[in-house]
2 protein chains.
Amino acid sequence: MKRVGVGLGKHIIAELFECDSDILDNVNVIKESLLEAATTSNSTVINYSFHRFKPYGVSGYVLIAESHISIHTWPEYGYAAVDVFTCGDKTNPWKGLEVLKNRLKAKRITVMEITRGVNVEKEYNGYWKPRRRILREVLT
Amino acid sequence: MKRVGVGLGKHIIAELFECDSDILDNVNVIKESLLEAATTSNSTVINYSFHRFKPYGVSGYVLIAESHISIHTWPEYGYAAVDVFTCGDKTNPWKGLEVLKNRLKAKRITVMEITRGVNVEKEYNGYWKPRRRILREVLT
């Protein structure tokens, strides 16, 4: 029997309901919130992109060294789809989610945590060696 | 009993195993593959960002008008964590996933489809009116 739940990353999928709709429609506040979530979860920001739709709604993405944080909002329904996906032991995606829950003033939330890359380390260790390492071995 | 599975978006979470590790480590090919996945799923690209890690691994996302497509690769394990999240009736996230599966040469794949924003339309219709519309009503 393989160990279950031992993987490369934790992917939190959160449904935020009954949020403050004006906040959900404010691209600047959404951007600040996701960047704060990245910092609070102890992630390292690589890049980000945010977009406000017409007539309303915001989508945004923060690429972090440990994977990503994303959001898509529907102000007309007070709803936001949030993902906080982090890898490694140093980060805590739940802390990032807590920031978003508070900043968006979600009154109701459902959450699922999915472990990504389960057992790949065990199964594929040694599967691939970077080419330059192989070259180095050939040359020495 | 509420209807189940009627939501705003389809979020496909795919685990791609036994991929071509050289492809997983090639940021340009990964970028092309995700952009092709966006087009093939009939999505509209808003922005994107891709990053290659040292010593290996690639992370990237394509922010689309219909949500996002993201990837995080571990060439050393032949593994990629892929998300294809689309909204609306015009897009087909499964076609996007098919592109990625083929381009990354995944020999094994596990997939989960999560419906995001279930029942929010029913529950929150009329919850919020954009401020300018309310103003217009007041002014006229």
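The values are calculated or read from the model by the stated rules, or taken from the named source; none is laboratory data. None of these values were measured; they are calculated from a predicted model. Every residue, glycine among them, receives a Cβ derived from its backbone with ideal geometry; neighbour counts consider all protein chains shown. Remember, those area values only see protein heavy atoms, side chains included, never the ligands or the DNA or RNA. Shrake-Rupley method; radii C 1.70, N 1.55, O 1.52, S 1.80 Å.
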- Some residue of the range A:11-22 being outside any strand (DSSP E or B) and away from chain B (no Cβ under 11 Å): no
- Note on the structure: Taking the range B:61-79 and keeping only residues that are over 19 Å from A:Ala81 (Cα atoms) and within 9 Å of chain A (Cβ to nearest Cβ), one is left with B:His72, B:Trp74, B:Pro75, B:Glu76, B:Tyr77, B:Gly78, B:Tyr79
- Note on the structure: Per the filter on the range B:34-59, residues of a type in the set (Gly, Ala, Ser), under 21 Å from A:Thr73 (Cα atoms) and facing another protein chain (nearest Cβ under 10 Å) are B:Ser49
- Message: I'd like the full set of residues that are touching a residue at least 24 places away in the same chain (Cβ under 8 Å) and either touching a Gly at 6+ places or on another chain (Cβ under 9 Å) or open to solvent by less than 10 Å² (accessible area, probe 1.4 Å) (or both), limited to the range B:53-69.
- Response: B:Gly57, B:Val58, B:Gly60, B:Tyr61, B:Val62, B:Ile64, B:Glu66, B:Ser67, B:Ile69
- Query: Among B:Ser43, B:Ser21, B:Ser33, which is the only one that is among the hydroxyl-bearing types (Ser, Thr, Tyr), under 17 Å from the mean Cα position of the chain (by Cα), under 19 Å from B:Ala81 (Cα atoms) and surrounded by 17 or more Cβ atoms within 10 Å (Cβ to Cβ)?
  - Reply: B:Ser33
